[in-house]
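Engineer: Here's a structure for you.
None of the figures in this text is laboratory data; all of them are computed from the coordinates on show. Keep in mind that this is a model prediction, so the values were computed, not measured. With ideal geometry, Cβ positions are generated from the backbone for all residues, glycine too; neighbour counts draw on all protein chains shown.
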């Protein structure tokens, strides 16, 4: 079939649009929104649209659809319809993107090219950001997420890290399947891990560290001679540089200073100052207060929750109730996606969401889909400390990247069966 615009094969036009969506996700919110709208428009202008949707058989997609429907039903319990409508609009990606990925034709070869192209884009992007920070702006490298990344793109460093985690897992897959030379693959792993440490998202760095250690411990012993020595020296050098030139160790050190007693914690944060010092008052302490407030609301709305659009107002009222100054000023969300689901939709919606995550995890293990498995583990860990669906990049990663990882494994199986 020929795509009418561009006058090129539809599958190739689809690949170009996917590249645009992936690349734009690393540049900024607005251009990424435009790319998704173009992708949707392309999908809809197909005379076989009805047949494609009718042929949908991917069970994972149904979980995405049900999750979106739950948000629609949550409007029935919502008083703040403006916020509720905004929430539903953001969650439209759960309705649209998985269906497009599951039903639009894309060969395994094209999908592989997509991942490879995105990987090298990220490697070049990382080098540019390092250059920008060290030679254009100046100052210590560990300030790159705030000084260079955020000023240039407006993207929070933790969400930006998700893209590098995905490429890290893809390189693992390339090495495992011998689609890249082992030495080149290992050095790409080291560089990606190094840049993830620079970005400074603790939870992401911790997951990357564990998975990378597991992968390297299984594979490095197979190398011999100069390859093994070169890789070993590179790892030592990167570890030394991470320790000396980033603030990763300091961030983890702050965890030892947390006030776990919730009453003392709340009292410590009732005096708000705009000169807030994270070194003396850890951000995790503030998360504990948010989770405490959310849990109190959940107790009073256990079965059905407070609705799609009212959870922010309810949290704010709790912040005022305990005189949590920083929460009152900034109107924090829960910073925990699991808690947020129980808060919005009660025990039924919360349990469904956990089943949703577990089903993707089950499919990844069942099909030995290494990229999907590592990605869902990363996202699941990230959701413990962030409400990731409050930001577009969190939604895009969960709906697009996980769907592509699932499709890649399925298309490989189809390719083997046909041969």
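Engineer: Among 406, 67, 125, which one shows the highest mean-square fluctuation when the chain is modelled as a Gaussian network with alpha-carbon springs under 10 Å?
Structural biologist: 125
Engineer: Let me ask something else about it. List the extent of the Cα atoms of the chain along each of their three principal axes, largest first, rounded to whole Å.
Structural biologist: Result, largest extent first: 64, 56, 41 Å.
Engineer: Rounded to the nearest Å, what's the spacing between the alpha carbon centres of the stretch 176-196 and the stretch 10-43? Just the number, please.
Structural biologist: 27 Å
Engineer: When the Cα centres of the stretch 307-323 and the stretch 354-411 are compared, how far apart do they sit, in Å?
Structural biologist: The two parts, judged by their Cα centres, are 29 Å apart.
Engineer: Which value at 222 nm does the chain reach when only helices count, each DSSP H run of 4 or more adding -39,500 (n - 2.57), with the total divided by all residues and rounded to the nearest 500 deg cm²/dmol?
Structural biologist: -22500 deg cm²/dmol
Engineer: A further question on this structure: GNM, the chain, Cα, under 10 Å: largest mean-square fluctuation among 54, 257, 326?
Structural biologist: 54
Engineer: Relative contact order for the chain: what is it in percent, counting Cα pairs under 8 Å that are at least 6 residues apart?
Structural biologist: Reported relative contact order: 19 percent.
Engineer: Using the per-residue mean of other Cβ atoms lying within 10 Å as a proxy for protection, in what order, highest first, do the peptides 329-335, 369-375 fall?
Structural biologist: Ranked from most to least packed, the peptides come out as 369-375, 329-335.
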